[in-house]
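Peer 1: Please find one structure pasted underneath; my questions will follow.
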Amino acid sequence: MKRAFCFLVMSLSLAAHAQDSKPAPTLKTILLEQLRTTHNQKDWFVPANIAVAGLTPEQASWTDGKGNHSVGQLANHLIFWNQQALAKFKGEPPAKFSGNNDETFNSFDGKKWNATVQQLDEVLTAWEKAVEAADDNKIKASASTIAHIGAHNAYHIGQMIYVRKQAGNWDPEKGVK
């Protein structure tokens, strides 16, 4: 009787564990999670779509006057580098680049803020779709680049939040107090 009871308890715990467990993460799922949480899925930090949401062109253009970038300049920079890396990932020629990284920030035009927000969303969505469609060999070969893209995005998104806090147009209820 004792053995039957032990068997029953073990069987039930294994069945419960099997129902709760998710498939083991893969390199692709980890990279996709990183891309999504820096794009539009709130997780440990604020994603890009929340970081740029609700800003007027004037607010997106605001700087502290000390040489630091505006939210719009940071968004422009992310668009440029995400497009560059995505083109390479897809085997396409990237846009011409002079090599002057300052240009990726300073070409921001506040009059085009709504288009900038849309472009940022589009390139981040395109990254996710490209990674979803890629085979395991492509993912393995590009994993470091994809991970660095996610880290680069997170870094600059954090700057966007900081700039918004300085400018007084950040709502702490959106994720960062």
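Peer 1: Which ³J(HN,Hα) values in Hz, rounded to whole numbers, follow from the phi angles of region 75-81 under the Karplus curve 6.51 cos²θ - 1.76 cosθ + 1.60, where θ = phi - 60° and Gly and Pro get x?
Peer 2: Going residue by residue, I get 4, 4, 4, 5, 4, 4, 6 Hz, with x marking Gly and Pro.
Peer 1: Could you report the chain's accessible area per residue, 1.4 Å probe, as an integer in Å²?
Peer 2: Here the residues of the chain average 62 Å² of exposed surface.
Peer 1: Moving on to the next point. If you place +1 on the Cβ of every Lys and Arg and -1 on the Cβ of every Asp and Glu, how big does the dipole about the Cα centre of region 74-177 come out, in debye to the nearest 20?
Peer 2: Values: 12 positive and 12 negative charges, 36 e Å.
Here the size comes out at about 180 debye.
Peer 1: Further question on the same structure: May I ask you to list the aspartates and glutamates whose Cα is less than 13 Å away from that of LYS174, ignoring any residue fewer than eight positions away on the same chain?
Peer 2: Of all the aspartates and glutamates, those that pass the test against LYS174 - Cα under 13 Å, at least 8 places apart if same chain - are ASP43.
Peer 1: Here's another thing I want to ask about it. As I understand it, the dipole of the chain uses +1 on the Cβ of Lys and Arg and -1 on the Cβ of Asp and Glu, about the Cα centre. Which of TYR155, TRP62, ALA115 lies farthest toward its positive end?
Peer 2: Most positive-ward Cα: TYR155.
Peer 1: Through the Karplus equation 6.51 cos²θ - 1.76 cosθ + 1.60, θ set to phi - 60°, convert the phi angles of region 36-41 into ³J(HN,Hα) values in whole Hz; use x for Gly and Pro.
Peer 2: Values, residue by residue: 5, 6, 9, 10, 9, 10 Hz.
Peer 1: Can you list residues from other chains, or at least 5 along the same chain, whose modelled amide H is less than 5 Å from the amide H of THR63?
Peer 2: Here the answer is none, since no amide H 5 or more places off falls under 5 Å of that of THR63.
Peer 1: What residue among LYS22, LYS88, LYS66 has the largest mean-square fluctuation in a Gaussian network model of the chain, using Cα springs under 10 Å?
Peer 2: LYS22
Peer 1: Could you count how many Lys pairs in region 63-132 have their Cα atoms under 29 Å apart, skipping same-chain pairs fewer than 8 positions apart?
Peer 2: 11
Peer 1: Taking only C-alpha pairs under 8 Å that are 6+ residues apart, what is the relative contact order of the chain in percent? Before the final figure, lay out the partial values.
Peer 2: Values: 154 pairs, mean separation 59.5, N = 177.
The value is 34 percent.
Peer 1: Go through region 116-133 residue by residue and turn each phi into a ³J(HN,Hα) via Karplus (6.51, -1.76, 1.60, θ = phi - 60°); whole Hz please, and just put x for glycine and proline.
Peer 2: Computed from phi, the couplings for region 116-133 are 5, 4, 5, 4, 4, 4, 5, 6, 5, 5, 4, 4, 4, 5, 5, 5, 4, 7 Hz.
Peer 1: For a quick check: with amide H placed at 1.01 Å from N, whose amide H comes under 5 Å from ALA134's, ignoring anything fewer than 5 positions away on the same chain?
Peer 2: none
Peer 1: Also, I was wondering about something else. If I compute Rg and Dmax of the Cα atoms in Å from the structure I just sent, which labelled value in (i) 22.3, 79; (ii) 21.4, 79; (iii) 20.5, 73 lines up?
Peer 2: For Rg and Dmax of the Cα atoms in Å, the calculated option is (ii).
Peer 1: What residue among SER21, SER61, SER70 shows peak mean-square fluctuation when the chain is described by a Gaussian network model with Cα springs under 10 Å?
Peer 2: Residue with maximal mean-square fluctuation among SER21, SER61, SER70: SER21.
Peer 1: Gap in Å between the Cα centre of region 55-90 and the Cα centre of region 98-155?
Peer 2: 11 Å
Peer 1: With the chain treated as a Gaussian network of Cα nodes joined by springs under 10 Å, which of PHE97, PHE45, PHE108 yields the largest mean-square fluctuation?
Peer 2: Comparing PHE97, PHE45, PHE108 in a Gaussian network model of the chain, the most mobile one is PHE97.
Peer 1: Run down the lysines and flag those whose C-alpha is under 22 Å from the C-alpha of LYS177, throwing out any fewer than 8 positions away in its chain.
Peer 2: In chain and number order, the partners are LYS42, LYS165.
Peer 1: Using +1 at the C-beta of Lys and Arg and -1 at the C-beta of Asp and Glu, which of ASN106, TRP127, ALA24 has the Cα lying farthest in the positive direction of the dipole of the chain?
Peer 2: ALA24
The values are calculated or read from the model by the stated rules, or taken from the named source; none is laboratory data. Keep in mind it's a predicted model, so treat the numbers as computed, not measured. Don't worry about glycine lacking a Cβ; one is built from the backbone with ideal geometry, like all the others, and counts go over all protein chains shown. Ligands, DNA and RNA are excluded from the accessible area calculation, which covers all protein heavy atoms including side chains. Shrake-Rupley method; radii C 1.70, N 1.55, O 1.52, S 1.80 Å.
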